[in-house]
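A short write-up of the structure that comes next.
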Amino acid sequence: MTSPAQSGSAGDPLGLLDLFGDGFVRDPFPWLDALRADAPVHHDQDTGLWLISRYEDVRRVLLDPDTFHPDNAQHAVAPLPVDVLRVLARAGFKMPPALANNGTASHPGLRRVVTRFFHARRVAAAVPVIEGVADELLTAARQRIDAGDDHDLFPGFAQVLPCRVLMELLGIDGVSPATLIRWSDASLELFWGRPDPRRRLELAELVGEFHQWLTRTVRDGTAPPDSFIGALTAHRLPDGEPVDVATAVGVCFFVFIAGQSTTGQLIATVLSRALAEDGLWPRLASEEGLAEAWVEEVLRREPPVTTWRRVAARPVELGGVTLPAGAQLLLMLMGSGSDPEVFDTPERMCPHRAEVRRHLAFGAGRHRCPGASLARTEAAVALRAAARHLPRIRPVADVADVPMLGLLSFRAPLRVAVGQPS
Ligand code: HEM
């Protein structure tokens, strides 16, 4: 796919936008710039979504949950065909309002169960756990690289580190990290991707397995009280009733995915961008605060959660356009981080820029990501540890050849292959 500038279509270059196309996934910046400049509230014919790309508009939507409801946050991007629905129904799959998709009175209490596990003190206490897992994984990576092999830091490090940390923090057991990662990635691809019919069925089987395992685990009532599932079981809804199984499973489904896949994707982008930046890698291990600042710039410019959805509860004016009730909005979180109205020279990676934390990579308002502190800490620890353990590595593939995850709301390199300089 060409970029909007190259399209040569004088009429409506944005009509050629393909949110799932390789061109957009690899280099979305020219498209995001064109959207912000020429059509900040743009109806995408292909998906039927209204693309909202200016920082102030995105923020306004996030901060007004009465007008912009979160109900569509987890809807499948493409309608699921009957054979897939049948597989999910057989597994008892349901997605009742739980966290990100919950605009009802049960949301604040359910959210508090989550925040108890991820507040700043808990995250600070988890740093030795994160460092321990990072050291173990990077020692294995170093042995392979020292033996002259190339090593892919995505599956061997970026993906597995947040999964193991999450399992430790939430007291998840009875499943291997590899299985949890497979289930979680399958869920993202099924609901946020456009896989072909065969792949969709395979994904539905995996999502069904995941859901059944969660249901069994929630139902059997043996989770320790200090585990996440134990805390959910003890929680009472505003009407004084315990959380029903379907809602508890819905909460776990979201947290077990959000709590690791997105952070794995962030670490992959953080590592590959740091390796590509002239002179940065050798400074990361020793320069105080540099890893944290680099993570923040990546979150601004190239966050793993690139978009998020809302639905208009009533007709509303936004960016000069009147949206009808029921309009499905796609908030371009990633594009908002490059809005020149807010960030000077947004195309430059400036880890020490003054407004570095103003980005919307974790959303804003009532549903703002409660895992932000954990994600930031894990990514900074991972980056610093990689620079310390593997000071001489270099990427072995050209950026243009690296396979990319390109779902509606999730984007990251799927390979971070490194080796020693020859
Ligand atoms: C780099 C990693 C991550 C990114 C970029 C990210 C991003 C987001 C975004 C954009 C939202 C929607 C916010 C909104 O609607 O305003 C969200 C919600 C959420 N995230 Fe994260 N997230 C990350 C990591 C995590 C982690 C580690 C957890 C661990 C628990 C987590 C748990 C959640 C939950 C539970 C919600 C729903 C909150 C609610 O509806 O009240 N996320 N995240």
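The values are calculated or read from the model by the stated rules, or taken from the named source; none is laboratory data. The shown structure was predicted, so the numbers you read here are calculated from the model rather than taken from an experiment. Here the Cβ is made from the backbone with ideal geometry for all residues, glycine too, and neighbour counts use every protein chain on show.
Could you tell me how many of the residues in region 374-405 are out of contact with any Lys or Arg (no Cβ under 8 Å at 6 or more places or on another chain), more than 9 Å from the ligand (Cβ to nearest atom) and of a type outside the set (A, V, I, L, M, F, W, C)?
9
Would you mind telling me which numbered condition in (1) of a type outside the set (Lys, Arg); (2) surrounded by fewer than 17 Cβ atoms within 10 Å (Cβ to Cβ); (3) within 16 Å of the ligand (Cβ to nearest atom) ILE229 fails?
(2)
Please enumerate the residues belonging to region 338-389 that are under 28 Å from GLU136 (Cβ atoms) and of a type in the set (A, V, I, L, M).
Scanning region 338-389 gives ALA372, LEU374, ALA375, ALA379, ALA380, VAL381, ALA382, LEU383, ALA385, ALA386, ALA387.
Quick one: which residue in THR139, THR215 is modelled with pLDDT of 95 or more, assigned to a helix (DSSP H, G or I) and closer than 30 Å to SER272 by Cβ? Give the derivation first.
Details: THR215 fails: closer than 30 Å to SER272 by Cβ.
Within the list THR139, THR215, the selection yields THR139.
List every residue pair whose Cβ atoms lie under 6 Å apart, where the two residues are 6 or more positions apart in sequence or sit on different chains, the first residue falls within region 62-73 and is β-branched (Val, Ile, Thr), and the second residue, located anywhere, is at pLDDT 95 or above.
Listed pairs, sorted by first residue: THR67/ALA313; THR67/VAL316.
For region 353-373, enumerate the residues that are within 17 Å of the chain's Cα centre (by Cα) and either within 6 Å of the ligand (Cβ to nearest atom) or part of a helix (DSSP H, G or I) (or both).
Within region 353-373, the first condition is being within 17 Å of the chain's Cα centre (by Cα), and the residues that meet it are 359-364, 367-373.
Within region 353-373, ALA361, PHE362, GLY363, ALA364, HIS367, ARG368, CYS369, PRO370, GLY371, ALA372, SER373 qualify.
When the residues of region 306-317 are filtered to those that are crowded, with 22+ Cβ neighbours inside 10 Å and not basic (Lys, Arg), which remaining residue is farthest from PRO28 (Cα to Cα)?
Among residues in region 306-317 that are crowded, with 22+ Cβ neighbours inside 10 Å and not basic (Lys, Arg), the one farthest from PRO28 (Cα to Cα) is TRP308.
Please work out if PHE210 is under 26 Å from ASN102 (Cα atoms), of a type in the set (Phe, Trp, Tyr) and in a helix (DSSP H, G or I). Show your work before the answer.
On the way: under 26 Å from ASN102 (Cα atoms): yes; of a type in the set (Phe, Trp, Tyr): yes; in a helix (DSSP H, G or I): yes.
Against the criterion (under 26 Å from ASN102 (Cα atoms), of a type in the set (Phe, Trp, Tyr) and in a helix (DSSP H, G or I)), PHE210 qualifies.
So which residues in region 136-159 are surrounded by 18 or more Cβ atoms within 10 Å (Cβ to Cβ) and either without any contact (Cβ under 8 Å) to a residue 40 or more places away in the chain or touching a Cys at 6+ places or on another chain (Cβ under 6 Å) (or both), if there are any at all?
Listed by number, the list holds a single entry, LEU137.
Considering only residues that are surrounded by fewer than 22 Cβ atoms within 10 Å (Cβ to Cβ) and acidic (Asp, Glu), look in region 370-422 and name the one that is farthest from ALA258 (Cα to Cα).
The qualifying residue farthest from ALA258 (Cα to Cα) is ASP398.
For region 95-114, does any single residue satisfy the condition of being surrounded by 14 or more Cβ atoms within 10 Å (Cβ to Cβ), closer than 24 Å to TRP308 by Cβ, at pLDDT 95 or above and of a type in the set (Lys, Arg)?
Within region 95-114, one or more residues are surrounded by 14 or more Cβ atoms within 10 Å (Cβ to Cβ), closer than 24 Å to TRP308 by Cβ, at pLDDT 95 or above and of a type in the set (Lys, Arg).
Pick from VAL133, VAL58: which is within 11 Å of the ligand (Cβ to nearest atom), surrounded by 13 or more Cβ atoms within 10 Å (Cβ to Cβ), assigned by TED's automatic domain parsing to the domain that holds ALA385 and farther than 25 Å from THR215 by Cβ?
Only one candidate passes the filter, namely VAL58.
Just to be sure I understand, how many residues within region 340-367 are of a type in the set (Lys, Arg) and closer than 15 Å to ARG59 by Cα? Don't jump to the end; show me each part of the working.
Here is the first cut: in region 340-367, the ones of a type in the set (Lys, Arg) are 348, 353, 357-358, 366.
Narrowing the set further to residues that are closer than 15 Å to ARG59 by Cα leaves 357-358, 366.
Adding up the residues that qualify gives 3.
Quick check: anything in region 209-225 in contact with an Asp or Glu (Cβ under 9 Å, 6 or more places away or on another chain) and in the same structural domain as ASP83 (by TED's automatic domain parsing)? Break it down into steps so the answer makes sense when it comes.
Here is the first cut: in region 209-225, the residues in contact with an Asp or Glu (Cβ under 9 Å, 6 or more places away or on another chain) are none.
Among the residues of region 209-225, not one is in contact with an Asp or Glu (Cβ under 9 Å, 6 or more places away or on another chain) and in the same structural domain as ASP83 (by TED's automatic domain parsing), which makes the answer no.
Tell me, yes or no, whether region 142-149 has at least one residue that is in contact with a Phe, Trp or Tyr (Cβ under 7 Å, 6 or more places away or on another chain), away from the ligand (no atom under 16 Å from the Cβ) and modelled with pLDDT of 95 or more.
Of the residues in region 142-149, the ones in contact with a Phe, Trp or Tyr (Cβ under 7 Å, 6 or more places away or on another chain) are none.
Within region 142-149 (the criterion being in contact with a Phe, Trp or Tyr (Cβ under 7 Å, 6 or more places away or on another chain), away from the ligand (no atom under 16 Å from the Cβ) and modelled with pLDDT of 95 or more), the answer is no, since none of the residues qualifies.
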